[in-house]
Amino acid sequence: MEKLEFGVSDDDRKNLLHFVETLQKLLGDLIGADQYFLPKFRDDYKRAWRELDPHFYALKDAIQRADTNALLTHGLLGSPLHLKLKVINHFTEEFMLYGIELVGGHKILEKLLGAVNRLLATVVDTVGTGSPIHTFNELLISIIQDDS
């Protein structure tokens, strides 16, 4: 999996857009790898994944149109956003370094997707779209393959 980084701009709105794009890339890579989630659900989560593309476009569009005060009120600008992205990047880096091959590596993936999900939930709540992405990510957390 190639190196991923969430939020690489000085512009917070661009960071939110980049967050969505990077999340889409991360989830696509995870789903395509066939090793991170319980095989019992593989066909189902792959089929569901293919239907999420329009929701990513709608979410990015909603972020671009979102009221700046609403973003600020929900902690999606400035230092609160930077902290959230920094935490997500920390777990992304750990996951890229160790994967789930390391005993306990599934916990790193769980922390990564959990941190992503908390920010995603706030974004979805603020801009009013993207719920299918949020619930899909929640579901993936619950079916992470245990490596112990």
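The values are calculated or read from the model by the stated rules, or taken from the named source; none is laboratory data. Keep in mind that what you see is a predicted model, and the values were worked out from it rather than measured. A quick note on method: Cβ atoms are made from the backbone with ideal geometry, for glycine too, and the neighbour counts reach across all protein chains shown.
Assorted remarks:
- Matching residues in region 61-79 - criterion: being in contact with a Leu (Cβ under 9 Å, 6 or more places away or on another chain) and not polar (S, T, N, Q): Ile63, Ala66, Ala70, Leu71, Gly75, Leu76, Leu77, Gly78
- All of (1) among the charged types (D, E, K, R); (2) in contact (Cβ under 8 Å) with a residue 40 or more places away in the chain; (3) in a helix (DSSP H, G or I) hold for Lys107 with one exception: (2).
- Contacts under 8 angstrom Cβ, first residue in region 75-86 being closer than 16 Å to Thr126 by Cα, partner in a helix (DSSP H, G or I) and among the polar types (S, T, N, Q), 6 or more apart: Gly75/Thr122; Leu76/Thr122; Leu76/Thr126; Leu77/Thr68; Leu81/Asn15
- Restricting attention to region 1-28 and to residues that are within 13 Å of the chain's Cα centre (by Cα) and at pLDDT below 95, the residue that is surrounded by the most Cβ atoms within 10 Å (Cβ to Cβ) turns out to be Phe6.
- Answer from Leu109, Leu59, Leu83 - the residue that is surrounded by 15 or more Cβ atoms within 10 Å (Cβ to Cβ) and closer than 22 Å to Leu17 by Cβ: Leu59
- Every residue from region 25-53 that is out of contact with any helix residue (DSSP H, G or I) (no Cβ under 9 Å at 6 or more places or on another chain) and among the small types (Gly, Ala, Ser): Ala33
- Residues located in region 41-50, provided they are without any contact (Cβ under 8 Å) to a residue 12 or more places away in the chain and within 20 Å of Glu21 (Cβ to Cβ): Arg50
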